[in-house]
Amino acid sequence: HHQRDGVPFPTGGVRRYSGASPGSPGSTSTSFGEGSSVVYLKQSGLLLYKCISSCLVALVVDNDGKIAGSFEFLPHVVTSEKLGSGADGYAISAPYTNWTELGTVSKDGQSFFRVACVGKSTRTNQPKL
C-alpha cells in the first residue's frame, strides 16, 4: 500500500523556482521542497504556501475546505525592476511575513483583494514593506 506525503495541490502555471518552466495544465504536487511557512488569508480564501527558494504559492480554498486551484502569488525574489527602484535598486526576497489583509478594491467591474506583507531587502537584509 502506497502512502502519500501531503495533500496534492494543482501546479498548472506555477514555477517551482525562478527560471523554471510553469507547470503544465492539470499537474499536481504535494510539495515544492522544505516548507517554510503557511498563512491563511480568510478574506480572500487563500492559503499561502512558501517553500525555501521557491515562489509563494496561493492555494484557493473553496467553501468545503478543498483546494480548488492555485497560482504563483509572489516570486522568491521581487526584482528591483518590478518594484520600480531601477536596475541598481534593491530587490525584496522571502521570507514574507506579517501578512495583513487590506480589504477589496473594485476596478473595471472586478473586485480585487489587497494585502500587505514584509519581505527582506536583498541589499541591506533589512525588512521592507
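Brief remarks follow.
- Some residue of region 49-58 being open to solvent by 50 Å² or more (accessible area, probe 1.4 Å) and not in a loop (DSSP other than H, G, I, E, B): no
- Sub-9 Å Cβ pairs linking a first residue in region 27-48 that is within 14 Å of PHE71 (Cα to Cα) to a second residue that is at pLDDT 85 or above and acidic (Asp, Glu), at least 6 apart or interchain, are SER44/GLU101; GLY45/ASP62, ordered by first then second residue.
- Any chance GLY13 is of a type outside the set (A, V, I, L, M, F, W, C), within 29 Å of SER111 (Cβ to Cβ), surrounded by 14 or more Cβ atoms within 10 Å (Cβ to Cβ) and modelled with pLDDT under 75: yes
- Subset of region 96-129 [at positive phi and open to solvent by 90 Å² or more (accessible area, probe 1.4 Å)]: ASN98, ASP108, ASN125
- Scanning region 74-95 for residues that are open to solvent by less than 60 Å² (accessible area, probe 1.4 Å), part of a strand (DSSP E or B) and not aliphatic (A, V, I, L, M) yields one hit, SER93.
- One residue stands out among those in region 27-46 that are in a strand (DSSP E or B) and surrounded by 15 or more Cβ atoms within 10 Å (Cβ to Cβ): the one that is modelled with the lowest pLDDT, which is SER29.
The values are calculated or read from the model by the stated rules, or taken from the named source; none is laboratory data. These numbers were taken from a predicted model, which means no experiment stands behind them. Because the Cβ atoms are built from the backbone with ideal geometry, glycine has one as well, and the counts that use them run over all protein chains shown. When the accessible area is computed, the model is the full protein with side chains, heavy atoms only, and any ligands, DNA or RNA have been set aside. Shrake-Rupley method; radii C 1.70, N 1.55, O 1.52, S 1.80 Å.
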